[in-house]
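Chemist: Once you've had a glance at the structure underneath, I'll fire off some questions.
The values are calculated or read from the model by the stated rules, or taken from the named source; none is laboratory data. On a predicted model such as this, the values are computed, not experimentally measured, just so you know. A quick note on method: Cβ atoms are made from the backbone with ideal geometry, for glycine too, and the neighbour counts reach across all protein chains shown.
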Amino acid sequence: MLSGSALLLALALVLSGSALRGAPFAYADGGGPLGPLAAGTVSLLPPTTDASRWSATFGSMLLCRLGGDQVTLQDVRPNWAGASVPTDIVIRSASVVSPAPHAQTPHNAPYPTGSLRGDPTKLPGTFAAPEGYAVTQPCEPEARDFSEILVTMHAGPAGASIRSLTVDYLIDGRPARTTVPSSFTACGTAIDEPDICPSAAHM
């Protein structure tokens with residue numbers, strides 16, 4: 001027969017195990033079965049120095065699946081370096097089109113997005129919300145289909161900066177989380193980082 005202290009220990013182990021089963025498993029720096037997401041450090045200057053409101057979109061965070069596990073996104077959210085601004089996050093899917101021999105690549109050909117100003121939904125491809133998005137693309141170097149996370153900041157004259165993204169997802173129904181160590185900056189008067197926004201001192 002278990003003593004009182006042994007019963008308390010057994011109960012604590014059961015409760016801690018239940019808590020761990022419900023908590024997402026955290027992968028560091030974009031690791032885990034969700035493929036390589038990092039896009040590095042990217043910045044974008046406003047269209048004019050007196051722009052009252054403008055949109056800066058950042059992408060090239062490619063979604064793919066390592067291994068045969070079923071991967072389903074749950075949430076993608078920014079971690080801000082300073083004040084936040086209204087932000088839209090969507091998943092863009094498209095297929096790379098190769099031009100004919102000796103032909104120029106079409107201006108609107110589908111490729112992953114580095115950065116752009118304006119409405120990203122004018123890009124070729126289809127768009128979906130992150131929640132419930134099933135990542136089916138395997139991580140293959142020669143893959144022609146791609147999906148990427150697009151982050152659009154609606155900034156004002158002060159600008160804004162995201163230091164990383166947190167991605168929550170399910171692996172065969174089990175919760176997981178990874179932090180993508182990419183930083184995105186919509187340059188403005190509040191961004192005092194000449195290496196990232198070379199013209200910030202003159203805005």
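Chemist: Pairs, please: C-beta under 8 Å, at least 6 apart or cross-chain, first residue modelled with pLDDT under 50 and in the stretch 82-106, second of a type in the set (A, V, I, L, M)?
Modeler: PRO106/VAL97
Chemist: Can you give me the number of residues within the stretch 157-175 that are within 16 Å of SER43 (Cβ to Cβ) and of a type in the set (D, E, K, R)?
Modeler: 1
Chemist: Let me ask another. Working only within the stretch 42-80, note down all residues that are surrounded by fewer than 16 Cβ atoms within 10 Å (Cβ to Cβ), among the small types (Gly, Ala, Ser) and within 23 Å of SER95 (Cα to Cα).
Modeler: Residues satisfying the conditions are GLY67, GLY68.
Chemist: Shifting gears a bit: Taking the residues in the stretch 158-174 that are surrounded by fewer than 16 Cβ atoms within 10 Å (Cβ to Cβ) and over 17 Å from the mean Cα position of the chain (by Cα) as candidates, determine which candidate is nearest to PHE58 (Cα to Cα).
Modeler: ALA158
Chemist: Taking ASP195 and the conditions (1) without any contact (Cβ under 8 Å) to a residue 60 or more places away in the chain; (2) in contact with a Pro (Cβ under 9 Å, 6 or more places away or on another chain), which numbered condition does it fall short on, given that it satisfies the others?
Modeler: (2)
Chemist: Another question about this same structure. Can you work out which of the residues in the stretch 33-45 that are over 17 Å from GLY114 (Cβ atoms) and part of a loop (DSSP other than H, G, I, E, B) is modelled with the lowest pLDDT?
Modeler: GLY35
Chemist: What pairs come out if I take residues in the stretch 141-152 that are small (Gly, Ala, Ser) and pair them with residues that are buried (at least 23 other Cβ atoms within 10 Å of the Cβ) whose C-beta lies under 8 Å away, six or more apart or interchain?
Modeler: Within 8 Å, the pairs are SER147/LEU63; SER147/ARG92.
Chemist: Shifting gears a bit: Report whether or not THR178 is crowded, with 20+ Cβ neighbours inside 10 Å, polar (S, T, N, Q), touching a residue at least 40 places away in the same chain (Cβ under 8 Å) and over 18 Å from SER43 (Cα atoms).
Modeler: Yes, satisfied.
Chemist: Still on this structure, I have one more. Among the residues of the stretch 137-157, which ones are surrounded by 13 or more Cβ atoms within 10 Å (Cβ to Cβ) and assigned to a loop (DSSP other than H, G, I, E, B)?
Modeler: Matches in the stretch 137-157: GLN137, CYS139, ALA143, GLY156, PRO157.
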